[in-house]
Amino acid sequence: FWLALDDAFQFHDYLAQDWFGLRERYVILGYALVMGLYFVVFRRFLWHSERALLVLAFLFAGLSVAGDLVSQQFVEDGAPAGVGEVLNYLEDAMKFLAIVSWSAYLIRYSLQQFGGATAQEEHPEPTA
């Protein structure tokens, strides 16, 4: 939820610098530390869950952060017209896929924890 607010209000890009004097890299480092703490605190739950969607979510999130850093560098170096927009689009696409993967992981995990059947249980394979 916080990352969605950060993206909507550009906290890491502008507000953190203007209001608190924090450089973007420190805000991103703070996010990484909070995520690391999250993994430490909830490691048992995460380890015993289906991790494929979780791994995808963090892969896409990492690609989004990398895309943000690359697009900033291209713009600062005077990239040709349109390159920055394409890189921003790719960054947003990776962010969207991260959100979808993370949401799917949370929904699936919640259904499993509260007794919801998985697709395999609802539609078992036919036996011969």
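The values are calculated or read from the model by the stated rules, or taken from the named source; none is laboratory data. Here the structure is a predicted model, which is why all the values come from computation and not from measurement. Note that we place each Cβ from the backbone using ideal geometry, even for glycine, and neighbour counts take in every protein chain shown. Just so you know, the surface numbers come from the protein's heavy atoms only, side chains and all, with ligands and any DNA or RNA stripped out. Shrake-Rupley method; radii C 1.70, N 1.55, O 1.52, S 1.80 Å.
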Residue 70 neighbourhood, Cβ < 13 Å, K/R = +1, D/E = -1, net charge -4
Accessible area per residue in Å² at 1.4 Å probe, computed on the stretch 18-99 | 74 Å²
Would you mind computing, in nm to one decimal, how far apart the modelled labels at residue 86 and residue 70 are, each placed 7 Å from Cα along Cα→Cβ?
-> 1.1 nm
Quick one: go through the stretch 24-60 and flag any residue whose amide nitrogen is under 15 Å from the point 7 Å out along the Cα-to-Cβ line of residue 113.
-> 38-51, 54
For the peptides 24-33, 58-67, what is the packing order when you average, over each peptide's residues, the other Cβ atoms within 10 Å and list the highest mean first?
-> 58-67, 24-33
